[in-house]
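Scroll down for the structure; my scribbles are underneath it.
What follows draws every value from the coordinates through simple rules; no lab data is involved. Source: prediction; values computed, not measured. So basically every Cβ, Gly included, is an ideal-geometry build from the backbone, and we count neighbours across all protein chains shown.
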């Protein structure tokens with residue numbers, strides 16, 4: 001018996017709506033990464049991008065455990081000498097809560113050529129309003 005290998009044209013993508021209100025950041029990010037990779041499907045293949053679209057609402061109301069609001073630091077570099085910048089989680093949540101979730105999911109995806117394609121299917125909104133409502137209504141899902 002041979003192992004089934006899905007073809008690129010056989011991939012069926014679904015839309016998932018996730019409400020981030022009150023959910024823990026890390027646990028939510030693992031669920032999102034799982035959906036973006038397509039690991040929940042029976043026809044998962046690690047070399048194919050078979051994941052689904054994920055829309056996250058209420059990103060501003062995400063929760064973290066412990067003292068992460070004060071202690072967790074995000075680093076970035078400007079490209080100039082001495083240009084290492086750091087931002088605390090508390091500041092980043094106030095400024096751009098969608099970026100916090102995006103970075104958490106990005107770091108949980110495999111570091112390969114498919115990562116950029118998978119992240120394009122991730123749509124994050126700070127509140128309940130989003131522009132993808134027609135994708136869920138046509139499939140008969142309730143939000």
- Projected onto their principal axes, the Cα atoms of the chain stretch, largest extent first, over whole-Å spans of 56, 38, 27
- Query: Measuring from label point to label point, each 7 Å out along Cα→Cβ, what is the residue 78 to residue 106 span in nm?
  - Reply: 1.9
- Comparing 103, 28, 36, which has the greatest mean-square fluctuation in the GNM of the chain with Cα pairs linked when under 10 Å apart? 103
- When 119, 84, 114 are ordered from fewest to most other Cβ atoms inside 10 Å of their Cβ, what list results? 84, 119, 114
- In this structure, the FRET efficiency calculated for residue 91 and residue 48 from their beta-carbon separation, with R0 = 25 Å, to the nearest 0.05, is 0.05
